[in-house]
Each structure stands twice: as C-alpha cells, then as structure tokens.
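Worksheet: the structure to be examined is printed underneath.
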Amino acid sequence: MRKTLSLVLPVLIPSWQFFKTIEPSPRVQWARIDGDAPRWQEFRPRPQRLSPAQMLRRLFYSAAWNEALFLVSCAERIEAEPTAHSITEIQRRILATLPHTPDATLQFRLIFIDHNGQDLLYRSAPFPAHPAP
Amino acid sequence: MSLETALRATEVLLALVFLQQSAEHIFHRRGEALLFAPRAALSLLLLSGIAPLPVLLALSAHSLLVLHRFSGPYNGGSDRMGLLTLYCLTLAQTLPPGSAREGAFGYLAVQVLLSYFISGQVKVINPDWRSGRALQDVFAFSAYPVSEDLRSLAARPRLLWLMSWSVMLFELAFPVALFHPTALIAALAVAALFHLANACLFGLNRFVWAWLAAYPSILWLQDRLLG
C-alpha cells in the first residue's frame, strides 16, 4: 500500500521541473566477458542522421527510443541507489537485442558524460546470456 | 466549451494516447504485450463511449499494475500527464454534477497551466539557462538528441540563447493566456508546436499526445471563469 502511494502521489502532485539542471548523462554499455579485455559497446547507439520522414514516423511509433529513455531512467536510479529492478530491466533489454549465444557471459556498465568528460559510475556483476527460466 | 463536451473530448484523446503507448509496448516487446493488451482493449471501449465510468475505473486500476511493473512511470513526465488526466477524468465522472465534478476536472486544467509555468520558472532562475549554456549541454552530451548530427547545434551558442529565452518567456507567460479566448487558442497552438519540436529533436513523442489530451480541460476552465 505504501509503495502504491509512493508511485501514485508524484502523478497526482507533479513537480513539472523539466530540465531544471542538466546533470551528467548516462550511457549504457555492454560487453562479452570471455577472458580477453572486454570490448564495450554502447547499447542502442543513436543514428548519425534522421530524415524528416523518420522523425514524423517516430511521432506515432517510437518504441525503441522510448525504451532507451526508460533505460536512462533505470541508470539514474542505479546511480542514486542500485536496485534489483533497474539492474534486471537493463540486463533483460540487452539480452533481448542480442543474437542467441547460450554460453556467453555478459556485463554492462554505466558511463556518465558531462562537459568535462566521462566517469564510470557502475559496473554490473557478470550475467549469463540466456534469460533465467 | 461545456463541461460534458470537454469531458468527452478528453476521453477520446486519452483513449488515443493510451492506444499509441500500448502499441509501442505490444509490438516491441512480446513480454509486455500481456500487460498492455488490456489497456488497449479498454482504450477502444473508451473511444467508443460505451460505459465510460466502468472503463475509466478499470483503466485506473490497471494503471497501478503498470506503475508497479516499471517501478514508476515508464516514460517520465509524459506518462505522468497521461495518468493525471486519467485520474482527474475518472474522479470527475464519478462525482455528481456540480462543483465537486468541476473541481476534479479544473484540477487537471490548473496542472496543465503549472506544467508550463513551473518549467519556465525553474529555468529562468538558473544562470546556465539564462546564458544558453544549459541547452548547449542538452545538445552536447545529454541522452536526448535523436541523432548524432543534432549534436552540432551545441556549437551555435547564439541560436541556443535565443531558443532558451523563447522557451522560458513562453512558459512563464502561458498563464496570462487564460484571460482571453483568442490568446489561449494561440498559446495552445504554440505549445503544441513546442511539443512537436521536442518530439523531432529529442524523441519525446509521447509528450505531444499526453499534453494535447489535457487541453480540453483548460479550454473548459477558461469558459467557466470568463463566462
């Protein structure tokens, strides 16, 4: 009940403080852990260019981008206080985009970027490339 | 705009908001289809106008499942506005005609107004926003620009200064539009264009539809206050 209240109250009394300050911005990176030095890759890198037609289409359907924004929220929650929910959400969505590689072990990390450069603020425990049953 | 017309317009627009959001979940992640199929079905019922109150109550109950599933709103402010619209609409339809019903729907209108004014107020007191630096940072390193090419806008400080002040002044001045019907129509048109620009530049597509769905409340409130 308390959890429900904590989820509903910010909806009923919103703060509306959009872009109040521009904080360091998270990027989710993942790598295979197979003995060699991990080669970190950005999860869902943005395209170099979007045409006006693509922008218009995304007005009506932008599932992948909105998922990426949800992962930004998860990364910010992990930075504030790591929770199993946010970690699992990121793992699950990385797994869903990879080809099936049952024996691989993966890891993700969170890089926070600002105008001074970037900081590594979180590195997950290794996790298997197949989702738990 | 009469209260009944505004309530029905909000129902129709909110149903479209939920259908758009549900489609993104159902077609993108099979695991989320089970959660969002009921919302899509209920939204179709809301769109048709069949038994709106039970449908709104069911959508409100379902929204709690979604909030728990993602440990908060999936898409930040836009999902919050969608849910606020749903809860105000549900409460307004539950209450008997009269001032209580008007109060529930009027609360949504006040929140629309505050959504612009508070956003402007928190920006204008920040020196980084007043200098254009904050918007430069948004384009330079934030997660929002939809393409790498857009990051080059960070190197155009004069344009970003102008954009920053245009946004802040518009947001701060928005409540004044409540005093004249033509001004409010113009302000809502500019606001819709602002959300459209945010959708194109930052991929915030859900904000466009969520805010549009709440506009009938403010049109009704103005009518109610100015007569």
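The values are calculated or read from the model by the stated rules, or taken from the named source; none is laboratory data. For clarity, every value in this text was computed on a predicted model and none was experimentally measured. Note that each Cβ is placed from the backbone with ideal geometry, even for glycine, and that neighbours are counted across all protein chains shown. For accessibility, only protein heavy atoms count, side chains too; no ligands or nucleic acids. Shrake-Rupley method; radii C 1.70, N 1.55, O 1.52, S 1.80 Å.
Which of the residues that make up region B:135-188 are β-branched (Val, Ile, Thr) and farther than 22 Å from B:ARG206 by Cα? Show your work before the answer.
Applying the first criterion (β-branched (Val, Ile, Thr)) to region B:135-188 yields B:138, B:146, B:167, B:176, B:182, B:185.
Scanning region B:135-188 gives B:VAL176, B:THR182.
Scan region B:86-108 and give yes if some residue there is within 23 Å of A:SER73 (Cβ to Cβ) and either surrounded by 17 or more Cβ atoms within 10 Å (Cβ to Cβ) or in contact with a helix residue (DSSP H, G or I) (Cβ under 6 Å, 6 or more places away or on another chain) (or both), otherwise no.
Step one: filter region B:86-108 for residues within 23 Å of A:SER73 (Cβ to Cβ), giving B:86-87.
Still in the list and also either surrounded by 17 or more Cβ atoms within 10 Å (Cβ to Cβ) or in contact with a helix residue (DSSP H, G or I) (Cβ under 6 Å, 6 or more places away or on another chain) (or both): B:86-87.
Checked against the condition, which is being within 23 Å of A:SER73 (Cβ to Cβ) and either surrounded by 17 or more Cβ atoms within 10 Å (Cβ to Cβ) or in contact with a helix residue (DSSP H, G or I) (Cβ under 6 Å, 6 or more places away or on another chain) (or both), region B:86-108 yields at least one hit.
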| request: Kindly establish whether B:ALA134 is farther than 18 Å from B:LEU196 by Cα, at the interface with another protein chain (Cβ under 8 Å from one of its Cβ atoms), in contact with a helix residue (DSSP H, G or I) (Cβ under 9 Å, 6 or more places away or on another chain) and open to solvent by 40 Å² or more (accessible area, probe 1.4 Å). | output: no
| task | Please specify each residue of region A:23-44 satisfying the condition of being aliphatic (A, V, I, L, M) and in contact with a strand residue (DSSP E or B) (Cβ under 8 Å, 6 or more places away or on another chain). | result | A:VAL28, A:ALA31, A:ILE33
| Members of region B:16-33 that are within 9 Å of chain A (Cβ to nearest Cβ), touching a residue at least 12 places away in the same chain (Cβ under 8 Å) and farther than 16 Å from B:LEU65 by Cβ | B:GLN20, B:ALA23
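Do we find that A:SER15 is of a type in the set (Ser, Thr, Tyr), more than 7 Å from every other protein chain (Cβ to nearest Cβ) and open to solvent by 40 Å² or more (accessible area, probe 1.4 Å) in this structure? Before you say what the answer is, go through the steps one by one.
Values: of a type in the set (Ser, Thr, Tyr): yes; more than 7 Å from every other protein chain (Cβ to nearest Cβ): yes; open to solvent by 40 Å² or more (accessible area, probe 1.4 Å): yes.
Judged against the criteria, A:SER15 is a match.
Rundown of residues vs (1) open to solvent by 40 Å² or more (accessible area, probe 1.4 Å); (2) more than 18 Å from the chain's Cα centre (by Cα), yes/no style:
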| residue | (1), (2) |
| --- | --- |
| A:VAL28 | no, no |
| A:LEU50 | no, yes |
| A:ARG58 | yes, yes |
| A:ARG77 | yes, no |
| A:PRO99 | yes, yes |
| A:GLN107 | no, no |
| A:SER124 | no, no |
| request: Name the one entry in B:SER152, B:SER166 that is within 12 Å of chain A (Cβ to nearest Cβ), open to solvent by 10 Å² or more (accessible area, probe 1.4 Å) and among the polar types (S, T, N, Q). | output: B:SER152
